[in-house]
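A.B. asks: Next up is a structure, given as structure tokens.
Each value in this text was obtained by applying a stated rule to the coordinates, not by laboratory testing. Just so it is clear, the model here is predicted, and its values are computed rather than measured. In this analysis, Cβ positions are derived from the backbone assuming ideal geometry, glycine residues included, and neighbour counts consider all displayed protein chains.
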Amino acid sequence: MATTLRDCVYGQAVGDALGVPYEFRPRGTFLCTGMVGHGSHNQPVGTWSDDTSMALAICDSYRELGRIDVDDIRARFVRWYREGAYTVDGLFDIGGTTARALDQGAGCAAGSDNGNGSLMRTVPLAFMDATDEEVRAVSAITHAHPTSTEACVRMVRVARVLSAGESPAAVAQEIAARPVEEVRSGGYVLDTFDAALWCLATTSSYRDCVLAAVNLGDDTDTTAAVAGALAGIVYGAESIPPEWLDALREKNVIEHCLG
């Protein structure tokens, strides 16, 4: 099976939408078994969040220009932030570092600026011939600390290896061996990186991967968005449960950005 950008993006969007209703809820206080609405952000069923919106902005830039253009991507992020571009019903969730970076026109580079706000939009870059330096530069639009930029580079490399047919178990052998109690699912970039790979490597289907990600709790939409993007690569968009795809809102926005 030849993996495409579409597999990746739909995998991300569905995982994101699954996680939106549960964001901020601690592990063990809920059980996600499918696509529901409302919850933490009071959004209708099938609504994706900032994770997918920012990934779509990157996709749309690449679709139009055929290359990575950081200034163009930044401008699209600003349109998302200020005008609600690339959203379903307008912006309802944005990280503090992302908002601050877009307000000031430069990425944040302090050690405290290592949330997962750039990692969450990174996996699609694996399909855009982006160099390591370009991946770092796209991260640095908002998250410029080396911990974040290097996590994005590593994630793109993982996505490309998976796309080439490597097994999740081989890619994440060490992470997969961790007990769930040692898997953190908050907003720190390296925790999200590891949690997404743990969900991928300890399950054997798209459905099980993203449900595992949501049920880790806390930053449910982002963990499931990243895990879903990787699972989309491994299993293909056709593996996504049809009822989840049917419930996904504004697929026309996604299709436009994919071209």
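A.B. asks: Using the Karplus curve 6.51 cos²θ - 1.76 cosθ + 1.60 with θ = phi - 60°, work out ³J(HN,Hα) for each residue of the stretch 245-258 in order, rounded to whole Hz, and write x for Gly and Pro.
C.D. replies: Result, ordered by residue: 4, 4, 7, 4, 7, 6, 5, 5, 5, 4, 4, 4, 6, 7 Hz.
A.B. asks: Cα atoms only, the chain: Rg and Dmax in Å?
C.D. replies: According to the Cα coordinates of the chain, Rg and Dmax are 16.2, 45 Å.
A.B. asks: Report the equivalent ellipsoid semi-axes for the stretch 200-259 in whole Å, largest first, defined as the square roots of five times the eigenvalues of the gyration tensor built from alpha carbon atoms.
C.D. replies: 20, 14, 11
A.B. asks: By counting other Cβ atoms within 10 Å of each Cβ, how are I233, I58 ranked from fewest to most?
C.D. replies: Ranked by crowding around the Cβ, least crowded first: I58, I233.
A.B. asks: I've got another one for you. What number does the stretch 1-150 give for Rg over Rh if you use C-alpha atoms and the Kirkwood radius?
C.D. replies: 0.97
A.B. asks: Using only C-alpha atoms and all pairs of different ones, pull out the Kirkwood radius for the stretch 111-259 in Å with one decimal.
C.D. replies: Its Kirkwood hydrodynamic radius stands at 15.5 Å.
A.B. asks: Can you tell me which of Q43, Q173, Q104 moves the most in a GNM of the chain? Springs connect C-alpha atoms under 10 Å apart.
C.D. replies: Maximum among the listed residues: Q104.
A.B. asks: Hey, another quick one. Equivalent ellipsoid semi-axes for the stretch 1-69, as square roots of 5 times the alpha carbon gyration tensor eigenvalues: give them largest first, rounded to whole Å.
C.D. replies: Semi-axes, largest first: 28, 14, 10 Å.
A.B. asks: Starting from the amide H of C108, placed 1.01 Å from N in the peptide plane, find each other amide H under 5 Å away whose residue is 5 or more places distant or on another chain.
C.D. replies: H143, A144
A.B. asks: Taking the alpha-carbon centroid of each part, what is the distance from the stretch 177-196 to the stretch 1-69 in angstrom?
C.D. replies: Centre-to-centre (Cα) distance: 18 Å.
A.B. asks: Next up: Per-residue ellipticity at 222 nm for the chain, helices alone: DSSP H runs ≥ 4 residues times -39500 (n - 2.57), over residue total, nearest 500 deg cm²/dmol?
C.D. replies: The per-residue figure over the chain is -16500 deg cm²/dmol.
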